[in-house]
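No lab work stands behind these numbers, since they all come straight from the coordinates. Quantities reported herein were computed from a predicted structural model and do not represent experimental measurements. Because the Cβ atoms are built from the backbone with ideal geometry, glycine has one as well, and the counts that use them run over all protein chains shown.
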Amino acid sequence: GDTPYENAQFLLFLCAVIKAVDDYQDLLRISVATAGNDHRLGANEAPPAVVSIFLGDELTAILEAIEKDLPYAGKEKTTLKLGVDVLPKFPRDTTDRNRTSPFAFTGNKFEFRMLGSANSISCTNIMLNSAVAESLKIYADRLEKAEDFETALHDMIKKTIKDHKRILFNGNGYDDKWIKEAEKRGLCNYRTTPDCMPHLLDKKNVAMLTAHKVFTEKELESRCEIMLDNYCKTVVIEANTMSDMVRKQILPAVEKYLGEVSKTALTKQQVAPNASSVYEKETITKLSALTEQIFVACKDLENAVIRLAENKNTIEESYAIRDTVLGKMSALRVAVDEAETLVDETYWPFPSYCDLLFGVR
């Protein structure tokens, strides 16, 4: 801000957001939890599943100076005191690294980047606004009782920075070292919807959301059940679709191409017995093995889906999907992807990756 009052106000609300995101990082992850977004987070220009805040080097240095009562190098080595000094002008961070941050400060606003394009922002807004409101409520209770407002504000902001700086990270969110560092800091790393969704009913989350009259406990239980049920149904539909594609289109296409290659090999031997047919023989051998691998993987996937009915409730079903079905789907995809590289594209029933990425027909 341009005045000491605006400086203190900015830092107060900044710390309220930092505290809210750290205290309720699980709720922010829950607010973006879907079967599709589980694949997106951590890849393809999306932030990782670990919630962290990017502030940029300049603003981070200012907070560190306030926390430790040390001189701030960017302002003639002066010690910043809330309500007295005006914050120095700090440039908007332009580094690409903040593109990997789930929650980034970009000069005059925060950007939340974990939400998938197909999902509504409403749940995220509910969780974030409620969490920030909780932080501000705690701050207001302390400041209204303070004898020296400025000293209390300064001490409270220092304590917030010290207690919640673990959530601040300005580096590369895709780096494996960050995942290990986040674990050391005690940050949540919920990779899948079944990992995070049950935490909606954690005592601290229920207490906060009911205290602000956002949800009742029954409403939270209902939302948890509905979102897990939606996750389960989505993955089961995808698994059944995958099985249908394999049985009705991919396996017949591979078998048809195998037949054509076999005919070619026989014809070559009949016309020119001494002609080499190494390509045909190796292709037939590889595709025959892959055909069996695809068939077995498809049956395994179908059986895993059938066994989901044995689970007693939606949470158990979601765990079974996470631990079994998703792995079976990945194994089937690996075999099919390898077969695609060996089959003539005129026989393949779907557009190839090359067609999808580089060609329009």
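Packing order of peptides 125-132, 100-107, highest average first: 100-107, 125-132 (average count of other Cβ atoms within 10 Å over each peptide's residues). Applying the Karplus relation 6.51 cos²θ - 1.76 cosθ + 1.60 with θ = phi - 60° to the stretch 193-201 yields 3J(HN,Hα) values of 4, x, 5, 9, 4, x, 6, 4, 9 Hz, where x marks Gly and Pro. Rounded to whole numbers, the Karplus 3J(HN,Hα) couplings from phi for the stretch 175-185 are 5, 4, 5, 5, 4, 5, 5, 4, 5, 5, 6 Hz, using 6.51 cos²θ - 1.76 cosθ + 1.60 with θ = phi - 60°, and x at Gly and Pro. Counting only DSSP beta bridges whose two residues both lie in the chain, roughly 60 percent are antiparallel.
Residues in the stretch 35-43 carry Karplus couplings, in order, of 4, x, 5, 4, 6, 6, 5, x, 7 Hz; the curve used is 6.51 cos²θ - 1.76 cosθ + 1.60 with θ = phi - 60°, and Gly or Pro positions show x.
For the chain, the residue among Pro194, Val261, Asn37 whose Cα projects farthest onto the positive side of the dipole built from Cβ charges is Val261. Entry note: the stretch 153-208 has Rg to Rh equal to 1.06, where both radii use alpha-carbon atoms and Rh is the Kirkwood radius. For the chain, a Gaussian network of Cα nodes joined below 10 Å ranks Thr264, Thr314, Thr160 by mean-square fluctuation, and the top entry is Thr264. Distance between the pseudo-spin-label points of Glu147 and Asp344 (7 Å out from Cα toward the beta carbon): 9.2 nm. Multiplying each eigenvalue of the alpha-carbon gyration tensor of the stretch 244-320 by 5 and taking the square root yields semi-axes of 42, 10, 6 Å, largest first, rounded to whole angstroms.
In this structure, the amide hydrogen of Glu111, modeled 1.01 Å from its nitrogen in the peptide plane, lies closer than 5 angstrom to those of Ala104, Phe105, Thr106, counting only residues at least 5 positions away or on a different chain. Computed over neighbours whose Cβ is under 12 Å from that of Arg333, the net charge equals -3, Lys and Arg +1, Asp and Glu -1.
Checking every one of the trypsin sites (Lys or Arg not before Pro) in the stretch 176-259 against DSSP loop status and a limit of 14 other Cβ atoms within 10 Å picks out Lys213. Pairs exceeding a 24 Å alpha-carbon distance, out of Lys137/Lys158; Lys233/Lys299; Lys233/Lys328; Lys248/Lys299; Lys159/Lys184; Lys177/Lys328: Lys177/Lys328. Placing +1 on the Cβ of every Lys and Arg and -1 on the Cβ of every Asp and Glu, with nothing else charged, gives the stretch 226-358 a dipole about its Cα centre of roughly 260 debye.
Can you give me the Cα centroid spacing of the stretch 258-283 and the stretch 156-227 in angstrom? Cα centres, the stretch 258-283 to the stretch 156-227: 61 Å. Only aspartates and glutamates eight or more places from Lys218 in sequence, or on another chain, were considered; those with a Cα closer than 16 Å are Asp202. Projecting label points 7 angstrom from Cα along Cα→Cβ for Phe10 and Ala275 puts them 7.9 nm apart.
Distance between the pseudo-spin-label points of Ala289 and Thr210 (7 Å out from Cα toward the beta carbon): 5.9 nm. Result for the chain in a Gaussian network model with C-alpha springs under 10 Å: among Phe149, Phe112, Phe54, the largest mean-square fluctuation is at Phe149.
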